[in-house]
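The values are calculated or read from the model by the stated rules, or taken from the named source; none is laboratory data. Since this is a predicted model, take the numbers as computed values, not measurements. Here the Cβ is made from the backbone with ideal geometry for all residues, glycine too, and neighbour counts use every protein chain on show. Remember, those area values only see protein heavy atoms, side chains included, never the ligands or the DNA or RNA. Shrake-Rupley method; radii C 1.70, N 1.55, O 1.52, S 1.80 Å.
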Amino acid sequence: MPLSNLNKEQYSSATCDLGHNLIIASAGTGKTSTIVGRIAHLLQNNTKPQEILLLTFTNKAASEMVSRVGKFFGKDIASSINAGTFHSISYKLLKRLDFSITLKQPNELKTLFKSIYEKRVFLNIDEEAKPYDGGYLYDIYSLYLNSNYDQTFAQWLLDRNEAHKLYTDIYEDVIDEFNQIKKEYGYVNFDDLLILMLQTLQNSEKNLFDFKEILVDEYQDTNPLQGKLLDAFRSKSLFCVGDFDQSIYAFNGSDIEIISSFTTRYKNSNVWTLTKNYRSTKPILDLASKVIEHNQRIYEKNLEVVRKEQPHQPTLLAFDELYNQYEYIANNIAKTTTPYNEIAIIYRNNSSADGIEANLRDLSIASKRKGGHSFFDAKEIKAILDILTLIDSSNDMMAFIHIVEYGKSIGKAIAKDIFDALIRLGDGNILKGLFNPDDNIKNPYKKDFIKNEQLGLFDDFIEMGSVARFKDLGFDDRFLGNSILKHPKLSVDGAIYLYHFYQLLKELKRVTHPLSAIKHIYKSDMFLTILDILSNNRAKQKDGTINESIKQSSLFKAKRRVATLEQLAFKHNNINHFLNAMILGGQELTQGEGVNLLSIHASKGLEFTEVYVCDLMEGRFPNKTLMSKGGSIEEERRLFYVAVTRAKDILYLSYAKYDRVKKIDFIHSQFLKEAGLVK
């Protein structure tokens, strides 16, 4: 049974009384075994599986814990446990309450937000504090939602940057319109799931979900929004597992005060500490402890190394030049007896991975990279998924904007104008507006004139353009007669792109299988235009010319990505099911074999036989740029602690003294001094 495998400290934690319990579980001390043991204890003491809520940092972690429970109690019982991330659990529970919502990718709604923002005009601009662009405003609004306690967005923003007081009315009006459109179409992103769940729980007089206990993994990375959600569930028992020394998500709104104030916020709470480290050798753990002890101690802990075999001492590697560092690491890996998939190269900045990846490839060493851009971030993959979304749900505004904005001189704002026009022409249905428009509507773009200088609102066109400028382009008569072509800012190239869009949707009308649809899309004129735009952008040099070799390489990579998407689509017979699988699971899909190239955040929760922590130069790690934007040396030190404690047996720490490309001199990171490796 899970409890029989626990040490004394783990067993005491796992079998503690119901109530408010905090378990301090440092790296390698067996927190997963303790959580599984706790669930086993609850089940053995007559707690029903559906009365247990397990909240984890990733769905993969939840799945692994549930699987371990299932080995002892059976799959039926284990699958009845409510387990997943805060977001996935909120989605499931809202669906259980019959909420009609359409989930969108984390960044997908940014397209809609930008289309609203682009219609605003800032008449008064402070040259020393220019307005945030639409994308950055979207990101900081998301940070506000996750990290705010009781302030309005304007108050929160001005506390961080008072110089933007000049623009807050426009910012808030963009946000209000954004939220109104989301509500109208039933769109939600991951932030909205938590907010909607929180509001639903707070507005209910009764306890909607009678969870006997809520278990929280990685509690140190909980943000204020998640903290409020935990309390709103009104469970009388919390079992929170975390380590304040591994709190590294402040940039996403996590607040270390949540774990440090646990005993203050919850009266009669208990703190349990796991002190036996099963992962790392003593020299590795000693080095990590020596550095992290420079941070303020919140809960006392003294770790004990369980492993007794002869250890490999951590090795410091110093290089005269940055590129020599990457070359040496690759050559050293070529000589090691450690299996490649048991090796990790961990870095603070994603730019570090490029040089490492190139050198590994030069030696024909397989590698896989995580923590930068994922497969699903590739724009050609996003474009295909957006087209599939329009097949499945024709009135999806964001998918429409994302695709149509590729047309030359169209952009997000005009794409939204065209969407709204098609809605009018099709009596609420864009496909009807595209293929069978209402011929009685001569001006689908006509709106009430709006002018509000304070909110940056101006109606920028009244007169419609003539469709005569497009009559010799070979369009079929039905399309040429569609009044969406009357937009005054629609160029010839933009109209041709729209025609290709019209032809593709017409061709896909009767396609139901996702694999078949992807093959049609890949061969279409519209998608070829998108590929050409993307490959040109990727191959554009500083002087504006296109490097043909890079362009061809980009096209080949795009073809390979599409082939991968086809493989994923092969086992799905329904476009809707395929899209849902890609949205909910896509962020955690990994690909490839070989050496692991990981940002520190991506390495969290993992362990490897052999680890390289590279680019340990002052300014890069600790990252002084991010520290100046609201970070702290304490968080940078926690990042170092996380990186080092991924290593089980072999640890290399490296830095370079000079970058010949940027002509920058470096000195070693202060963490190497704190570790006693340099004087």
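Here PHE556 sits with roughly 120 square angstrom of accessible surface, probe radius 1.4 Å. Between 0 and 90 degrees, the angle of helix 86-96 with respect to the longest Cα principal axis of the chain falls at about 60 degrees.
In this view, the solvent-accessible surface of ARG637, computed with a 1.4 Å probe and all protein chains in place, comes to about 20 Å². With angles folded into 0 to 90 degrees, how steeply does helix 575-585 sit against the dominant principal axis of the chain? Use alpha carbons for both and round to 10. The two axes meet at around 40 degrees.
Accessible area per residue for the stretch 31-83 is 46 Å², calculated with a 1.4 Å probe on protein heavy atoms, without ligands, DNA or RNA.
Carbon and sulfur: what percent of the stretch 625-679's accessible surface (1.4 Å probe)? Of the solvent-accessible surface of the stretch 625-679, carbon and sulfur hold 53 percent.
Between ILE125 and SER628, residue separation times 0.36 nm minus the direct Cα-Cα distance comes to 178.7 nm.
Rounded to 0.05, the FRET efficiency of the GLU257 and LYS489 pair, given R0 = 51 Å and the Cβ-Cβ distance, is 0.55. Once you sort the root eigenvalues of the Cα gyration tensor of the stretch 528-679 as a ≥ b ≥ c, which label holds: rounded (a/c under 1.5), prolate (a/b larger than b/c) or oblate (the other case)? Since a/c reaches 1.5 but b/c is at least a/b, the shape of the stretch 528-679 is classed as oblate.
Couplings for the stretch 34-39, taken from phi via the Karplus curve 6.51 cos²θ - 1.76 cosθ + 1.60 with θ = phi - 60°, read 5, 5, 4, x, 5, 4 Hz in order; Gly and Pro are left as x.
Under 5 Å from the amide H of LEU54 lie the amide H atoms of ASN82, ALA83, GLY84, LEU215, each residue being 5 or more positions distant or on a separate chain, with H modelled from the backbone and absent for Pro and chain starts. Here the calculated FRET efficiency for GLU205 and SER80, from their Cβ-Cβ distance with R0 = 22 Å, stands at 0.25, rounded to the nearest 0.05. Computed packing ranks the peptides 354-367, 199-212 as 354-367, 199-212, most packed first, by mean other Cβ atoms within 10 Å. Taking the Cα centre of the stretch 246-295 as reference, the dipole from Cβ charges on Lys and Arg (+1) and Asp and Glu (-1) amounts to some 240 debye.
Between ALA563 and LEU158, residue separation times 0.36 nm minus the direct Cα-Cα distance comes to 141.0 nm.
Solvent-accessible area assigned to carbon and sulfur over the stretch 178-225 amounts to 43 percent, based on a 1.4 Å probe. Sequentially through the stretch 607-622, phi angles give Karplus couplings (6.51, -1.76, 1.60; θ = phi - 60°) of 9, 9, 5, 10, 10, 10, 10, 10, 6, 7, 10, 4, x, 9, 8, x Hz, Gly and Pro residues having no value and appearing as x. Here the accessible area of the stretch 71-148 is 48 percent carbon and sulfur, with a 1.4 angstrom probe and all protein chains present.
Of LYS92/LYS412; LYS267/LYS648; LYS408/LYS432; LYS60/LYS267; LYS557/LYS624; LYS182/LYS408, which pairs sit farther than 29 Å apart, going by alpha carbon to alpha carbon?
Result: LYS92/LYS412; LYS267/LYS648; LYS60/LYS267; LYS557/LYS624 exceed 29 Å.
Just reorder TRP272, TRP156 by solvent-accessible area, largest first, 1.4 Å probe, all chains present.
These residues rank, largest area first, as TRP272, TRP156.
The stretch between TYR11 and ILE101 holds 28.2 nm of extra length on full extension. This uses 0.36 nm per residue minus the Cα-Cα distance.
Can you work out the PRE-style zone for ASN45? Point 7 Å along Cα to Cβ, and I want the residues of the stretch 205-244 with backbone N under 20 Å. Answer for this model: 210-217, 234-242. Between helix 548-570 and the chain there is an angle of about 80 degrees, using the helix long axis and the longest principal axis of the Cα atoms. Taking a ≥ b ≥ c as the square roots of the eigenvalues of the alpha-carbon gyration tensor, the stretch 268-414 is classed oblate because a/c is 1.5 or more while a/b is no larger than b/c. Around the amide H of ASP243, modelled in the peptide plane, lie the amide H atoms of ALA25, TYR219, GLN220, all under 5 Å away and 5 or more residues distant in sequence or on another chain. The packing ranking of peptides 558-564, 407-413, 643-649, highest mean first, is 643-649, 407-413, 558-564, where packing means the average number of other beta carbon atoms within 10 angstrom of each residue.
Of all DSSP beta bridges in the chain, what percent run antiparallel (nearest 5)? Roughly 15 percent of the beta bridges in the chain run antiparallel, per DSSP. Only helices enter the 222 nm calculation for the chain: every DSSP H run of n ≥ 4 contributes -39,500 (n - 2.57), and dividing by all residues gives -14000 deg cm²/dmol, rounded to 500. Near MET617, the amide H atoms lying under 5 Å from its own belong to SER669; only residues 5 or more places off or on other chains count, and H is placed 1.01 Å from N. Each Lys and Arg adds +1 at its Cβ and each Asp and Glu adds -1 at its Cβ; summed about the Cα centre, the chain shows a dipole of about 1580 debye.
Each of SER90, LEU166, ALA40 was placed along the dipole of the stretch 21-178 (beta-carbon charges, centred on the mean Cα), and the one lying farthest toward the positive end is ALA40.
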